[in-house]
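K.L.:
Take a look at the following structure, please.
The values are calculated or read from the model by the stated rules, or taken from the named source; none is laboratory data. Everything numeric in this text was worked out from a predicted model, so none of it was measured. Note that we place each Cβ from the backbone using ideal geometry, even for glycine, and neighbour counts take in every protein chain shown. For the accessible areas, the whole protein counts, side chains as well, though only heavy atoms, and no ligand, DNA or RNA atoms are used. Shrake-Rupley method; radii C 1.70, N 1.55, O 1.52, S 1.80 Å.
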Amino acid sequence: GVLTMRVSVAFAVYVFLLGLHPAQAEIAVIVNPANPVQTLTARQVAELYLGRTRSFESGDFAVIADQGRDAPLRAQFFKSATSMSMAQVTAYWSRLKFTGQVQPPQNMEGDAAIVDFVRRHHWAIGYVDKAAAPDNKVKTVLILKE
């Protein structure tokens with residue numbers, strides 16, 4: 001009836017408005033619980049993910065997990081941590097790979113794969129949607145907001 005029609009129109013308008021402002025996830029930067037690092041700054045995370053530094057403050061080599069190449073969370077992460085767009089990040093890594101000195105972080109598909117990788121590797125670091133970071137399996141060292 002008329003009520004059903006009004007409700008569906010209202011819902012359609014609501015969904016449309018949501019689409020105009022996609023909700024940005026809070027991003028949790030995570031490490032293995034055994035890692036002595038308690039917190040990292042966005043700058044420290046950026047340095048790791050851009051290959052400018054390869055180890056934690058402890059001197060231990062960081063094993064870096066990145067989201068899949070086309071993951072929306074990846075674009076949001078690099079924008080928040082480095083202020084770079086995906087095009088800039090891709091160009092940056094293309095130049096670095098050419099020198100042969102540094103390899104880009106390993107791409108993994110999805111939050112679950114990254115949580116599992118970080119849980120299994122003592123010196124791993126990754127980032128996931130905050131809702132996907134189980135406190136009992138990984139340690140959150142930074143929350144990035146938009």
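K.L.:
Going by the conditions given, is residue 75 touching a Ser or Thr at 6+ places or on another chain (Cβ under 8 Å), of a type outside the set (Asp, Glu) and within 14 Å of residue 125 (Cα to Cα)? Steps first, please.
P.N.:
Details: touching a Ser or Thr at 6+ places or on another chain (Cβ under 8 Å): yes; of a type outside the set (Asp, Glu): yes; within 14 Å of residue 125 (Cα to Cα): no.
No.
K.L.:
Name every residue in region 12-62 that is in contact with a Leu (Cβ under 7 Å, 6 or more places away or on another chain), at pLDDT below 95 and among the aliphatic types (A, V, I, L, M), in order of residue number.
P.N.:
25
K.L.:
Moving to a separate point now. For residue 137, all conditions in the list (1) part of a helix (DSSP H, G or I); (2) at pLDDT below 95 hold save one; what is the number of the exception?
P.N.:
(1)
K.L.:
Further question: Would you be able to tell me the number of residues in region 118-134 that are under 10 Å from residue 30 (Cβ atoms) and in a helix (DSSP H, G or I)? Outline the logic, then answer.
P.N.:
Step one: list which residues in region 118-134 are under 10 Å from residue 30 (Cβ atoms), which gives 118-119, 124-128, 130, 132-134.
Of the ones still in play, those that are also in a helix (DSSP H, G or I) are 118-119, 130, 132.
Result for region 118-134: 4.
K.L.:
A follow-up question, please. Hey, can you tell me all the residues within region 38-55 that are open to solvent by less than 30 Å² (accessible area, probe 1.4 Å) and in contact (Cβ under 8 Å) with a residue 60 or more places away in the chain? Full working, then the answer.
P.N.:
Initial filter on region 38-55 (open to solvent by less than 30 Å² (accessible area, probe 1.4 Å)): 40, 45-46, 48-51.
Listed by number, the residues that qualify are 40, 45, 48.
K.L.:
Can you pull out the residues in region 83-100 that are assigned to a loop (DSSP other than H, G, I, E, B) and closer than 26 Å to residue 146 by Cα? Let's see the steps before the verdict.
P.N.:
Initial filter on region 83-100 (assigned to a loop (DSSP other than H, G, I, E, B)): 83-85, 100.
Correct list: 83, 84, 85.
K.L.:
Quick one: is residue 35 of a type in the set (S, T, N, Q) and open to solvent by less than 20 Å² (accessible area, probe 1.4 Å)? Let's see the steps before the verdict.
P.N.:
Values: of a type in the set (S, T, N, Q): yes; open to solvent by less than 20 Å² (accessible area, probe 1.4 Å): yes.
So residue 35 passes the test.
K.L.:
Of these, 58, 94, 83, which one is exposed (fewer than 14 other Cβ atoms within 10 Å of the Cβ), without any contact (Cβ under 8 Å) to a residue 60 or more places away in the chain, in contact with a Pro (Cβ under 6 Å, 6 or more places away or on another chain) and farther than 25 Å from residue 112 by Cα?
P.N.:
Within the list 58, 94, 83, the selection yields 58.
K.L.:
Considering only residues of region 118-146 that are open to solvent by 20 Å² or more (accessible area, probe 1.4 Å) and of a type in the set (A, V, I, L, M, F, W, C), which is farthest from residue 60 (Cα to Cα)? Show your work before the answer.
P.N.:
Of region 118-146, the ones open to solvent by 20 Å² or more (accessible area, probe 1.4 Å) are 119-123, 129-132, 134-137, 139-140, 142-143, 145-146.
Filter once more, keeping what is of a type in the set (A, V, I, L, M, F, W, C): 123, 131-132, 142-143.
On the way: 123: 7, 131: 28, 132: 26, 142: 19, 143: 22 Å.
Here the answer is 131.
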